[in-house]
1. Please enumerate the residues belonging to region C:208-245 that are closer than 20 Å to residue C:307 by Cβ and in contact with a strand residue (DSSP E or B) (Cβ under 8 Å, 6 or more places away or on another chain).
2. In this structure, does residue C:285 turn out to be surrounded by fewer than 20 Cβ atoms within 10 Å (Cβ to Cβ) and within 30 Å of residue C:78 (Cβ to Cβ)?
3. Being crowded, with 16+ Cβ neighbours inside 10 Å and touching a residue at least 40 places away in the same chain (Cβ under 8 Å) is the filter; apply it to region C:236-252 and report the residue that is farthest from the other protein chains (Cβ to nearest Cβ).
4. Looking at A:268, A:181, can you tell me which residue is in a helix (DSSP H, G or I) and either more than 23 Å from residue A:425 (Cα to Cα) or at pLDDT below 95 (or both)?
5. Does residue A:511 satisfy the condition of being buried (at least 19 other Cβ atoms within 10 Å of the Cβ), part of a helix (DSSP H, G or I) and at pLDDT 95 or above?
6. Which condition does residue A:40 not pass, out of (1) modelled with pLDDT under 95; (2) closer than 30 Å to residue C:202 by Cα; (3) out of contact with any helix residue (DSSP H, G or I) (no Cβ under 7 Å at 6 or more places or on another chain), if it passes all the others?
7. Quick test for you: out of A:79, A:45, A:93, pick the one residue that is under 24 Å from residue C:134 (Cα atoms) and either modelled with pLDDT of 95 or more or at the interface with chain C (Cβ under 9 Å from one of its Cβ atoms) (or both).
8. Inspect region B:26-41 for any residue being away from chain C (no Cβ under 13 Å), closer than 19 Å to residue B:179 by Cα and either surrounded by fewer than 18 Cβ atoms within 10 Å (Cβ to Cβ) or more than 16 Å from the chain's Cα centre (by Cα) (or both) and give the result as yes or no.
């Protein structure tokens, strides 16, 4: 029995420690520890509800849009405000831009280096690389120039962000051709440009990214003018085209070399989504990516989600708040004790739904949407399953590779919808609808903003009394996924997904890092 | 009825002017200041700011003139007399005033029935009038500290850092304006609650007969019961 | 490669202050890193000697949301790939490093051993629970910062959190957060700190400081310190207010204001002053450099500035949609200054009203009460000279 520790787990948002027990080359137990406590919920007390939007989004610098939206929705829910249709569309577009941004960034900038070895790309033949790109139907870059730049960089000897990378790790697919490595490196660089284009859309509509300004309670402060509309549209088209012609083919080209990842990394098999991208009804279950709960005990069926079913446990994390509370009456009393995997070991609470640990994220959303019969999702998932040789078997998605595929396919679906929402907004404006904000003057109420960050289900809970915030609680996707054990000792979703992961080199548990990172924590 | 006579010697003409200028400047500053704080109607910000800066200089220059004049101009030592002395003595609290402090306080709080003896200004009056000088200077300092052409000068920037940034400085400036408003309200009330002769004198320079005193404060004649 | 060539290289390196032994060790470690055999060492040596050595840098994340790292990925002049591949050797950055765990920390450690590197710090300095509100690699964030700061040539504190604790230190500051400069002053570390506030940091500024300023020699010459204000902020970035440079300033002077969000006035680009814009008291050049590769900035998209570049920006700026901050009154809680003024003014008016009733009731309204008898004291003093 050997303990393998990765601390810090790099290429994620925040500070995470992954500790696994490896027996005979397989992970048999795991502990995931969140390393940071800031106390956002306490900071918001006694402030104005309208301030929560600006401050609470700063929980996460990679998904501030979703936190901002969940926060503003919780306030609107508490005050009984329904936002105008144009504001709904503006918010969907900003949220979509963040999804596209976040998923591109995750796949290329954060995760790709677990599957692609830049040193291997050095031995690629340039002509073969073009041929392979053509055969794979993926984007063609100036591969020669990229190879030269890479060579010069390696020759220079200062490896910058690649310093101490696990080059040549045996877990990299041996049969993956050098040319595919080079294609991925070229697209790694292109992706840096594309994620920035997506962020520009947020800047146009929200002022800046990260941390945006306009989705204030009541609607939006952004009033699109003709000159802004084209700034938005041409960027969405550029992104849709790139995701379609590069990101999706890259995914399908690399996936077969890691088909083994369909066999592990699934976890508990419980999935939770509150849903994201509102339609005109603002109902959680009729969102473009609808809300739902899938429980392993009931197989691949979906139930309507209910925030009332959440309880948060804290016995294994560094809090002395009451354990087992619903977040609408939740508490946050930090109290650090030493790190011990036998006792308390994380700043992350343990949320449970109907008492069960739930995975949140693109896989949850895509499964729920698939099961609810959302057409574009069914089509793209069925197509991908066929390409992976698992036609008609959506259950294989409950795996490491499935989690990655779900995220990348979702990117494509959201890209397509973004054009639809844009057209809907442009049509409404052309039709004379100029309402973007709903004034309100109620000063008390309780509300919840149930939404989805790119990395999963997100809930903000607010209690407003006398125009001030009397209670504020947040349950983030990372709280679901990197949850510590609950009071019963049941592992969190990431911990459970890690169990069963094959590890070739316990000193350098690359496979465990892949599983942890696949949650985009 | 023991209304003292109000003679022009109490407020020589120059002080009628400086008082008028103070009134106009403070009203203009308060109005434009409120507008700048929150523009309650449209289209006036440029004018409001212009007013605010102009009258700020008017108020400061007027204060300087008033202070210089106080050393050269003679004014009546008390109401109801034409005896005069250097104005600064009538403005600054004198030793004599010290024991008048409590009786005046008691009088205002209805704890004392009859009118205490006092100079041209009661002792509380002297203190509060004197207080308007630092108040004006503080308004100017805090105002300059949030006024772009001056805010970066180290004399002002150091103060801004000390109070915790421009927002706090703005709030202090705002409260100083409220202090002026409250001063003016109390001042106007106390000056006129026993009759509007003081206003007739300071604004229109009109005299009114009443109880007459000699320079030593002894009642020497005039109408009214005493 | 011939033996003579080696000597040429070593001479070159010696001229740059690198010993033969260090150099071979360095090349050997690169070869090991790349999984190459020792036979590659001479080749790497030649390549390194050919290229100028990049300034090593380490990017540490304190109590951060990673937004500043995100932000630095949103710059195109130069773009982030050029920065980390061609301009700086950013050997450790949690969010981008290929390495992980101990190997990643070892890369940072290697940099810390050679004085003269640039340290970039993102996020608040977390002091709560003896620093355990932030745990990295088994130790605390403050231990990591102190260790990293010792040998750094300069520290660039990116984002308001690194400058003074940012939103994390807002009242009641539950995690006892502070900024890099105040923390280092507290523990007596004198490494110069360049502060770049706003939430997140504007990447244009990071590039301007790291690339244009630090790499162009003003770090060695110390000239960078002359460019900083009392708070350690570069004056050429933080010397003017947003209001000074705002494209909506004309509307402000004209008295054209947005009275409510989402209205025609918003579409016309009127001034956001009435809905709480903190531009007049926020010192950054956002309206000039703008955000996200000049796509827009807060005010251009219709939102009032929330003053995220001010010190203690949440306490000083909230409520963000009001003109004034709240005052944290004991036992009352956060209160608007205008409310306090209104209460005091109301109390004064009430007091004067009651007093007037008393004056009326006591018959003093018409000329006041009769004069008291002159006391001996008055008489004596007045005779001595004046009754002023």
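The values are calculated or read from the model by the stated rules, or taken from the named source; none is laboratory data. Owing to the predicted nature of the structure, the values given are computational and were not obtained by experimental measurement. Counting neighbours? That spans all protein chains shown, and the Cβs are built from the backbone with ideal geometry, glycine included.
1. Listed by number, the residues that qualify are C:231, C:232, C:233, C:234, C:235, C:237.
2. No, not satisfied.
3. Looking at residues that are crowded, with 16+ Cβ neighbours inside 10 Å and touching a residue at least 40 places away in the same chain (Cβ under 8 Å), I get C:237.
4. A:181
5. yes
6. (3) is the only condition that residue A:40 fails.
7. On the way: A:79 fails: under 24 Å from residue C:134 (Cα atoms); A:93 fails: under 24 Å from residue C:134 (Cα atoms).
Result: A:45 is the single residue among A:79, A:45, A:93 that is under 24 Å from residue C:134 (Cα atoms) and either modelled with pLDDT of 95 or more or at the interface with chain C (Cβ under 9 Å from one of its Cβ atoms) (or both).
8. Yes, because at least one residue in region B:26-41 is away from chain C (no Cβ under 13 Å), closer than 19 Å to residue B:179 by Cα and either surrounded by fewer than 18 Cβ atoms within 10 Å (Cβ to Cβ) or more than 16 Å from the chain's Cα centre (by Cα) (or both).
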